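The structure appears right after this line, and notes come after that.
Every read-out reported here was derived from the displayed coordinates using simple, explicitly stated rules and does not represent laboratory data. Just so you know, these numbers come straight off a predicted model, no measurement behind them. Every residue, glycine among them, receives a Cβ derived from its backbone with ideal geometry; neighbour counts consider all protein chains shown.
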Amino acid sequence: MGLCADVPRMLCPTVVGRAEELYWLSAGLDALHDGRGGCIFLVGEPGIGKSRLADEAIAEAGRRDIWVLSGRASATGRAVPYQSLSGAVLSGLRSRPRLDISQTPGLQAGLATLLPGFFEGPAVEPSPVLLGETVLRLVSAVAGRDGALVVLEDLHWACGDTLAVTEYLADNAATERLLVLGTLRPEGAALDLVDALDRRGSASSRTLEPLSRAETGEMVAACLAEQERPVSAAVTGLIDARAEGLPFLVEELLAGLTTRGSLVASEAGWELSSDIDPVDVPLSFAQTVRERMGQLPEDERHVLEHAAILGRDFDWSHLPSITLESESDVLDALARAVDLQLVEELAGGRFSFRHALTVDTILAEMLGPERVRLAARALDKLVRDPERVEPGLLEVAAHL
């Protein structure tokens, strides 16, 4: 059990399983030609393919000479107000270095406020209206009839002020040649904003679903198509089971298998070698789980560690006796884990980790003796209650 070494990315040359979303994005760009703007959002869990679709929209806009302004929020480093918005404006201006907007009416105060040091003029107290209107006027002055695409990625990490500007843009984009494209995870204030904009007709959104088994197979074949060999069912089956429909994990797992020599090209096609660790976790995915676990206090992390020992699906009612925590404390921990999208609630008092690799990551972070100690305690409690035998009893015993 362990974490994969950091390996080069394997990028799929085509976008698989997202035909409807690509058509939807293209239609938004088409509308700019007719003078109609709009605001659209791509919602989905990490690794589901939001950024890949945003990249496709950016590439398509470039082919149409649509002005692209692209920025993203970040969860790391010092919090920077309006980070994604200022990054988008700077990227757009870099793409047109000979552009002179110094004499454009109504821009200087907003740009000096959003980008202090880049523009002369008195900065004023920032407000969503001022900065939103600055972007609208900038687009009107620069983009012309071709229009503009403003991409704001990872809005789940954006500050409240950035979300307020996004709302202003969404409410006013329809009458401009401006398409706003935002990406976000299904959580927090950003999702609340998207729901509100959806309800009042100021924006539309799509929640991305995992790839089907057939689509995963198509993506695996596309990733390995360069050598024009068929892909064995064993390879596709392994990737489908581990990636669970997340395109990013399909690429990461294939890259890891290739780098370690576990994926080999034979005369018959792509095959798995015998040297495979079935629970290796890509570092990129593991880091996401670590970050979310790190948001929990120690006692709540303790609850999830015991839950991981029980397996991917577990009965919450076993946890109080195993963890020695009260029922209310266990439920509080699970509620927090649901909010952080580490687990989800099932029917009948059961919960499930959202991804099998989440369990593997939590277990991999623990020392072997600690896993054994927790498993022994869990097994002792479970066998004392024969009327409520946990389906994962053998899974618990496997840690001993």
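Taking Cα centroids, how far is the range 206-222 from the range 157-189 in Å?
28 Å
At a Förster radius of 56 Å, what calculated FRET efficiency corresponds to the Cβ-Cβ distance of residue 145 and residue 326, to the nearest 0.05?
0.30
If you keep only loop residues by DSSP, which GluC sites (Glu not before Pro) in the range 113-185 have at most 16 other Cβ atoms within 10 Å of their Cβ?
Answer in residue order: 120.
Take every DSSP beta bridge with both residues inside the range 19-207 and express the antiparallel ones as a percent of the total, to the nearest 5.
Just about 0 percent of them are antiparallel.
When a/c reaches 1.5 or more, the comparison of a/b and b/c decides; with that in mind, is the range 197-330 rounded, prolate or oblate per its Cα gyration tensor?
Oblate shape, in that a/c is at least 1.5 and b/c is the bigger or equal ratio.
Among the DSSP beta bridges whose two residues both lie in the chain, what percent are antiparallel, rounded to the nearest 5?
Taking every DSSP beta bridge within the chain, about 30 percent pair in antiparallel fashion.
Where in the range 153-223 are there trypsin sites (Lys or Arg not before Pro) that are in a DSSP coil and have at most 16 other Cβ atoms within 10 angstrom of their Cβ?
200
If I take every Cα pair under 8 Å that is 6 or more residues apart in the range 19-207, average their sequence separation and divide by the length, what percent do I get for the relative contact order?
Relative contact order for the range 19-207 comes out at 35 percent.
Below 8 Å, C-alpha to C-alpha, sequence gap of six or more: please give me the relative contact order for the range 288-397 in percent.
That works out to 33 percent.
Tell me, in nm to one decimal, what length is gained between residue 94 and residue 260 on full extension, where the rule is 0.36 nm per residue of separation less the Cα-Cα distance?
55.7 nm
Computed from the coordinates I sent, Cα Rg over 2.2 N^0.38 Å equals one of [x] 1.14; [y] 0.98; [z] 1.08. Tell me the label.
[x]
Within the range 198-220, whose backbone N sits under 11 Å from a point 7 Å along Cα→Cβ of residue 272?
none
Sort out for me the Cα centre separation of the range 239-268 from the range 294-339, rounded to whole Å.
Answer, in whole Å: 32.
When the chain is modelled as a GNM with alpha-carbon springs shorter than 10 Å, which of 100, 313, 65 fluctuates the most?
100
Identify, among 150, 99, 189, the residue whose Cα sits farthest towards the positive end of the charge dipole of the range 19-207, taking +1 on the Cβ of Lys and Arg and -1 on the Cβ of Asp and Glu, with the dipole about the Cα centre.
The listed residue farthest towards the positive side: 99.
Using 7 Å Cα-to-Cβ label points, what is the residue 350/residue 370 separation (nm, one decimal)?
Calculated label separation equals 2.8 nm.
Calculate, in nm to one decimal, what residue 229 and residue 64 gain on full extension: separation in residues at 0.36 nm each, minus their alpha carbon distance.
55.8 nm
Would you look at the GNM of the chain, springs on alpha carbons closer than 10 Å, and say which of 248, 41, 351 moves the most?
For the chain, modelled as a Gaussian network with Cα springs under 10 Å, the answer is 351.
Length gain on complete extension for the stretch residue 27 to residue 205, per 0.36 nm per residue less the alpha carbon to alpha carbon distance?
My answer for the length gained is 62.7 nm.
Relative contact order (percent) for the chain, with alpha-carbon contacts under 8 angstrom and 6 or more residues of separation?
The normalised contact order for the chain reaches 19 percent.
Suppose only helical runs count, i.e. DSSP H with n ≥ 4. What mean residue ellipticity at 222 nm does that imply for the chain under -39500 (n - 2.57) per run, divided by all residues and rounded to the nearest 500 deg cm²/dmol?
Per the formula, -15000 deg cm²/dmol.
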